[in-house]
Amino acid sequence: MSSEHTASIRSFYSSTPAPASLAGISSSLHTFLSSRPPDAKVVAITSGGTRVPLEQNMVRFGQQCTQHGITSDTTSYLD
Amino acid sequence: MHTTWDHIRHHILSGLTALHSDVDAVDNFSSGQRGASMAEHFLEAGYHVIFFHREGSTLPFVRRLAWLLAQREALIASHKGAAAAPSVSSSSLNSFALLRALQEERPRNDSVKDSFQFALQFADVSGSPLPHTRAVLESVRRFKQPEQQARFLPLEFSSVADYLFGLRELCTSMRDHFATGPSGAATSSAPTAAAVSSASSQSAPSPALQRRCLLLLAAAVSDYHIPAADMALHKLESRAGPLRIDMQQTPKTLHALRHGLAAEASSSNATAAEDAWFPSGFAVSFKLETDSSVLLRKATAALRSYRVNAVVANMLHTRYQQVQLVTTRTGEDNAEPAVQSIVRGHGSGSGGLPSEHTQTAEKQKPGQIMATAPLEFEVEVEVPLVAALIAAHEAWMQQA
């Protein structure tokens, strides 16, 4: 049971390319954690559902546009 | 890094696109309501909160603002004397309304003061301020204060892979950071020493740094996913026949929190494995079931096999009314776990909103911010849940 879990977890991480967002998450975490006061209590909460993409090259909106691009696109959508 | 407010704007905007791109993914939709609510209550209790959420899902405090704006829209509609003014209960504010309001406030331009001017005015003109309006404004305003903003880190995921890689990073970052201490001084042996000294003396406990961390795994992770190697490389072609998709079981990464991934995986029952992701913090997993007869059994099994500190067990249809907090009894690994029932409070009675206003959670769609459920922020079940989690965490730190 236990080694089954271990094997499937290891296999997942070794066969899946790291997502492009990981570097940003890593540096945000580092910046945030290293600026905590010494007595800070930190809670990490995961929330919401995961999505299962069917295509490898699925274009992610967040990567496609800059903030400004999003804003103006959406503004025109609203008009 | 974005400011949180920029992030909120981004969240609202990205929510819009979910409507257009769902054809190329299977979505494990969850509103994120519980996670956002817990984040609020932990922030208000002074905790520092890392909020790793599905992009476009509910954000702490934004949901309150969404509710407020829904009230405003309804009021405007009724002032216009529209024959079919939307009632508050049926109004489900979508991203567009909130987006418009956020654009009005020009967040880059001395945002904090301007932001809620319109809302305050709204509260004043309405004559008899709507129930909760003041409280909502006050809490949203507190959230926008630099002090609370500085304690809040929003991070996003979308796919299962985003989540699983992010989760590993989140756990190990906390582990490594709190192993060396905030100053960066090498104190890797401190946790053990601190634990020993606090156990042997009655003075103020100095629990291991990592024990001050909590991890609440409230995200809904798909049970199945498509391995990267099996995924179509390019856009799926439209075709005549049915689409057949083979999915594999998503690995139970919860196992790595305490057990690590070393090949032997032979950690003793008493201690976490050396390469465990989150060996010494307070870990809480969530169990959502539809069959009440298996709920506690499964929660207990999760408590034991993953060696988390607590499991929040809840039934799909009553999850906003009641949860059960299942915890191990001190120092008795094989004893029956302690089960604490946590029930949503009752409405204030003085201007509280009718309970049917809390029933819209199931109807929420991606891109729509939950505006009407649950409305009674002060009595929602996450209030006593967070209090119970904090109490359990405090008690556990004292035992170190």
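The values are calculated or read from the model by the stated rules, or taken from the named source; none is laboratory data. Here the structure is a predicted model, which means the values were calculated and not measured. So basically every Cβ, Gly included, is an ideal-geometry build from the backbone, and we count neighbours across all protein chains shown.
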Return the total of residues in the stretch B:44-60 being assigned to a loop (DSSP other than H, G, I, E, B) and within 19 Å of B:Ser139 (Cβ to Cβ). 6
Filter pass, B:Ala263 being more than 13 Å from chain A (Cβ to nearest Cβ), at pLDDT below 90, over 30 Å from the mean Cα position of the chain (by Cα) and at negative phi: no
Keeping to the stretch A:30-60, report how many residues are touching a Ser or Thr at 6+ places or on another chain (Cβ under 9 Å) and either modelled with pLDDT under 80 or in a loop (DSSP other than H, G, I, E, B) (or both). 7
Looking only at the stretch B:39-55, decide whether some residue is within 11 Å of chain A (Cβ to nearest Cβ) and at pLDDT below 80. no
Between a first residue in the stretch B:281-298 that is assigned to a helix (DSSP H, G or I) and a second residue that is surrounded by fewer than 21 Cβ atoms within 10 Å (Cβ to Cβ) and charged (D, E, K, R), which pairs have beta carbons less than 8 Å apart while being 6 or more apart in sequence or on different chains? B:Leu295/B:Glu289; B:Lys298/B:Glu289
